[in-house]
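As structure tokens, the structure follows; a few thoughts come after it.
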Amino acid sequence: MSTVPSVPLPEMRELIHCARGFVAGDVHFSYVCSAAGTFRDVTRFLPVSREIKQMADEWAGMATRAWPEMARITNPISEEEFREWVRNQIRVFEPFQGPNGH
């Protein structure tokens, strides 16, 4: 893990918010795609860890695959495949309920 100082990333919070809304069926996938692009863009200029940059690149890459009209790509995915990928990604942001309820 890199040792870059932590900076506030409201763009990441917005991405997770949009992702939760998308998984719940409350927002269109384009909101997640837009938030993913914004998140990736700010990580290019802010002093964030390598892991955060990788995460931002991965989200932006998957968003491009889900919304292929925005770029010429050879491996698009369906909206449902993107929803499943997003669902799996945001699980790490859910509260942990261990064996003792914590």
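The values are calculated or read from the model by the stated rules, or taken from the named source; none is laboratory data. Small disclaimer: the values here were computed from a predicted structure and weren't measured. Note that we place each Cβ from the backbone using ideal geometry, even for glycine, and neighbour counts take in every protein chain shown.
Annotations for the structure displayed:
Table: residues versus (1) surrounded by fewer than 17 Cβ atoms within 10 Å (Cβ to Cβ); (2) in contact with a Lys or Arg (Cβ under 7 Å, 6 or more places away or on another chain); (3) at pLDDT 95 or above.
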| position | (1), (2), (3) |
| --- | --- |
| SER2 | yes, yes, no |
| LEU46 | yes, no, no |
| SER49 | yes, no, no |
| GLN54 | yes, no, yes |
| ASP57 | yes, yes, yes |
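- Here is the figure for region 7-20: residues that are without any contact (Cβ under 8 Å) to a residue 12 or more places away in the chain and either loosely packed, with under 13 Cβ neighbours inside 10 Å or in contact with a helix residue (DSSP H, G or I) (Cβ under 7 Å, 6 or more places away or on another chain) (or both) total 2.
- Taken residue by residue, region 65-78 has at least one member that is modelled with pLDDT under 90, of a type in the set (Phe, Trp, Tyr) and within 19 Å of ARG20 (Cβ to Cβ).
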